[in-house]
Amino acid sequence: MKALQYRTVGAPPEVVTVPDPEPGPGQVLLKVTAAGVCHSDIAVMSWSADQLPFPLPLTLGHEGVGTVAALGAGAEGFAVGDAVAVYGPWGCGSCSRCAQGKENYCLRAAELGIRPPGLGAPGAIAEYMIVDSPRHLVPLGGLDPVQAVPLTDAGLTPYHAVKRSLPKLVPGSTAVVIGTGGLGHVAIQLLRAMTAARVVALDVTEDKLALARAVGAHETVLSDAASAAAVRELTGGRGAEVVLDFVGVQPTVTAAGAMVAVEGDVTIVGLGGGTLPVGFGALPYEVSVTSPYWGTRAELIEVLDLARAGGVDVHTETYSLDEAPKAYERLHEGRVDGRAVILPNG
């Protein structure tokens, strides 16, 4: 079968032919209908050989949906032909966090060498992929695969981030979204669907801010050295109760700390490497700073339910498997409108 692999440190990904996978005991073979392209992959491909925690070559793609093609011995709960989405942050399934559905925070994944598809295990940008357990599959329930596949990360990750701050997103509050690309433009929609907060979106170009307004942002501000002051002015000097940074570089993280309100939340989702000092006097009183990772299995089900109800609509660009390297080039150059989706069997 064909697959998109990252094969050599520092080199671009390439389409190659690899053996067809077969499911082992308890595993599920999926025929992939759609796979997402994510900035996390760009981050992985920027690491040096010493930083890579897994061997190459690696089949990319940690967002995947498909149809069940075969079941390994003992795999139950699904039938051949079922349309499913893949829950990506695989865990051991038995520790205290996994027992709560929080496999994204599995306590034993590192010890056991368990890694997500596309981030250590073979991923979804291939004609077929292996899912290690049926518990990592969620029925698609009639959703369009192209619209659904980004929800497994670009939907789930901001959903988890928004959900943890819901008590602060009351009427009269302000939520800031920094970075309105793949995750950020979904976060704006989630905030509008789940809260009564005023949503302020920040990004570096007017084109990106136009997308933010199109998906529901009440206000847009150019992301620059003056953005924190602009948010403070919009909020009458109070600042934003919740700031979600989907970029995570030092200038945006610093700005997040400068625009957050007393008792507010700063949530750093982006992988830009920025850090925010925490200590008495470093931030307004009782500000919480967190850097969440993905979301729970139950939250993925909730995100898909919200999509079925029309609460979120991901902007996508589609590419064939042979065009997948081009999708990564466009993503790296900041030219993807929303989320890039690969159709391996399209």
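Assorted remarks:
So that you can scan it fast, the table gives a plain yes or no per residue for (1) crowded, with 21+ Cβ neighbours inside 10 Å; (2) over 30 Å from GLY334 (Cα atoms); (3) touching a residue at least 60 places away in the same chain (Cβ under 8 Å):
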| residue | (1), (2), (3) |
| --- | --- |
| LEU4 | yes, no, yes |
| GLY10 | no, no, no |
| PRO13 | yes, no, yes |
| ASP20 | no, yes, yes |
| THR59 | yes, no, yes |
| ALA69 | no, yes, no |
| GLY74 | no, yes, no |
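- Scanning the stretch 259-273 for residues that are in contact with a strand residue (DSSP E or B) (Cβ under 6 Å, 6 or more places away or on another chain) and among the charged types (D, E, K, R) yields one hit, ASP265.
- When SER40 is tested against (1) modelled with pLDDT of 95 or more; (2) at negative phi, just one condition goes unmet, and that condition is (1).
- A residue that is touching a Ser or Thr at 6+ places or on another chain (Cβ under 9 Å), more than 19 Å from LEU304 (Cα to Cα) and open to solvent by less than 10 Å² (accessible area, probe 1.4 Å) occurs nowhere in the stretch 106-115.
- Test: residue in the stretch 35-53 that is buried (at least 17 other Cβ atoms within 10 Å of the Cβ), within 21 Å of MET1 (Cα to Cα) and charged (D, E, K, R): no
- Sole residue being within 28 Å of PRO284 (Cα to Cα) and open to solvent by 40 Å² or more (accessible area, probe 1.4 Å), chosen from PRO139, PRO171, PRO158: PRO171
- Residue list for the stretch 174-186, filter: buried (at least 24 other Cβ atoms within 10 Å of the Cβ) and either at positive phi or in a loop (DSSP other than H, G, I, E, B) (or both): GLY179, THR180, GLY182, LEU183
- Hey, GLY141 more than 21 Å from the chain's Cα centre (by Cα), on the phi > 0 side of the Ramachandran plot and of a type in the set (Gly, Ala, Ser) or not: no
- Scan of the stretch 218-231 for residues that are in a helix (DSSP H, G or I) and either surrounded by 20 or more Cβ atoms within 10 Å (Cβ to Cβ) or in contact with a strand residue (DSSP E or B) (Cβ under 9 Å, 6 or more places away or on another chain) (or both), ordered by number: SER227, ALA228, ALA230, VAL231
The values are calculated or read from the model by the stated rules, or taken from the named source; none is laboratory data. What you see is a predicted model, and the numbers here were worked out from it, not measured in a lab. Positions of Cβ are backbone-derived with ideal geometry, glycine not excepted, and every protein chain shown enters the neighbour counts. Surface accessibility is based on the protein's heavy atoms, side chains included, excluding ligands, DNA and RNA. Shrake-Rupley method; radii C 1.70, N 1.55, O 1.52, S 1.80 Å.
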